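Take a look at the structure set out below.
The values are calculated or read from the model by the stated rules, or taken from the named source; none is laboratory data. Since the model is a prediction, treat every value here as computed from it, not as a measurement. Note that we place each Cβ from the backbone using ideal geometry, even for glycine, and neighbour counts take in every protein chain shown. What goes into the accessible areas is simple: the full protein's heavy atoms, side chains included, and nothing from ligands, DNA or RNA. Shrake-Rupley method; radii C 1.70, N 1.55, O 1.52, S 1.80 Å.
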Amino acid sequence: MPKIGRRAFVAGGTAAMLARTTRASAADYPDRPITLIIPFPPGGSTTIVIRSVSDKLGEGLGQQIVIDNRAGAGGTVGTRALKSADPDGYTIGLGYTGTLAIGPNLYSNVGYDPRKDFSSIGRIATAPNTLVVHPSFPAKTVPDLIAYAKANPGKVSYGSAGIGTVSHVCGEYFASATGIKLVHIPYKGTGPALSDLIGGHIPVAFAPIPATYENSKSGNMRMLAVTSLMRSTLAPEIPTIAEQGVPGFEAVLRYALVAPAGVPRPAIDKLNKALNAALASDEVRKRLALEGAEPVPGTPEEYAADLDKEVTLWAKVVKESGAKAD
């Protein structure tokens, strides 16, 4: 065989072998545990929501889902780690309003492009934020809080899960929309912020309803409002901020699964199928309902479209609120 022909034959054989290997690996996927990065510390709403579905997701895939909490910088540290992971389908992550829609609009160099650096797997759920206060705080309604803050400018602080999180920007948005001055106290997650609220170290906090509902029922804090346009099915007795004198106010959370850009489509499809099956199970739906979250199954393309809208929406909110991060 001529040398050039031999080289072509070898190259062609190698290509065919690689193609067969790719098809085989796609058919076998997943054949080992999958790591799920949650870019926040344990105990917060994001961990609560994702753990509601991760076990069922693992059952559907026939593999263990290993939770990896990587906190820092409003969730951007863990999100950057996800971006840099091998695009083989064995490292996936929680897509979240704060990290994928707010962070890129808040930080000058967030380190990733939410539209280009991730592969959409599918939507999980939506949930409202809540406005909560320590039981000793004099405000019992949103108008009470606004009046108190106006009478005590710069003396009312609020806690959030950290700079760049939904709870941070929600607080700035609320202050801007109502013409009051609030002092932001950032924490390393929702859990630490609410611990300080319960301990009386801060008077006010914005936090997701999965993390505040039980504490408000037990009297550890008072829930003044939810931040969605419609009342929560979990706490229908709690009015929205919009219906308490701040028309149009809305700041909700959206949860999804994403992966590094470039994950093979067959792996994405298997993950999406298992995710939607988990969301359809009575066990997961009941658990999400207990956390005040509404399941939102769908295709990868539907979440990609949702994310595109969210990035545009929160760019406007961040600009109007005047929120900033280093």
Are there any pairs, at least 6 apart or on different chains, whose C-beta atoms fall under 9 Å, with the first in the stretch 213-226 and in contact (Cβ under 8 Å) with a residue 40 or more places away in the chain and the second in a helix (DSSP H, G or I) and of a type in the set (Asp, Glu), and if so, which? 220/214; 224/144; 225/243
For residues in the stretch 46-78 being more than 21 Å from residue 102 (Cα to Cα) and basic (Lys, Arg), which is nearest to the chain's Cα centre (by Cα)? 51
Complete set of residues in the stretch 161-176 that are farther than 16 Å from residue 292 by Cβ and either of a type in the set (Asp, Glu) or buried (at least 18 other Cβ atoms within 10 Å of the Cβ) (or both): 161, 162, 163, 164, 165, 168, 169, 171, 172, 173, 174, 175
Looking only at the stretch 54-92, which residues are in contact with a Pro (Cβ under 7 Å, 6 or more places away or on another chain), under 24 Å from residue 192 (Cβ atoms) and small (Gly, Ala, Ser)? 71, 75, 78
Counting only residues in the stretch 278-326 that are polar (S, T, N, Q) and in a loop (DSSP other than H, G, I, E, B), the one most open to solvent (accessible area, probe 1.4 Å) is identified as 299
Starting from the stretch 168-193, take each residue that is without any contact (Cβ under 8 Å) to a residue 60 or more places away in the chain and list its partners that are surrounded by fewer than 18 Cβ atoms within 10 Å (Cβ to Cβ) and outside any helix (DSSP H, G or I), counting only C-beta distances under 6 angstrom and pairs at least six apart or across chains. 181/153; 181/154; 183/157; 185/157
Working only within the stretch 177-195, note down all residues that are open to solvent by 20 Å² or more (accessible area, probe 1.4 Å), more than 23 Å from residue 219 (Cβ to Cβ) and touching a strand residue (DSSP E or B) at 6+ places or on another chain (Cβ under 6 Å). 183, 186
Within the stretch 142-154, identify whether any single residue is within 21 Å of residue 218 (Cβ to Cβ), surrounded by fewer than 24 Cβ atoms within 10 Å (Cβ to Cβ) and acidic (Asp, Glu), and answer yes or no. no
Qualifying positions in the stretch 80-110 - at pLDDT 95 or above, open to solvent by 10 Å² or more (accessible area, probe 1.4 Å) and of a type outside the set (Asp, Glu): 80, 81, 83, 84, 85, 87, 90, 91
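For (1) open to solvent by 60 Å² or more (accessible area, probe 1.4 Å); (2) outside any loop (DSSP other than H, G, I, E, B); (3) more than 30 Å from residue 84 (Cα to Cα), each residue gets a yes or a no:
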| residue | (1), (2), (3) |
| --- | --- |
| 232 | no, no, yes |
| 236 | yes, no, yes |
| 243 | yes, yes, yes |
| 246 | no, no, yes |
| 249 | no, no, yes |
| 256 | no, yes, no |
| 267 | no, yes, no |
| 271 | no, yes, no |
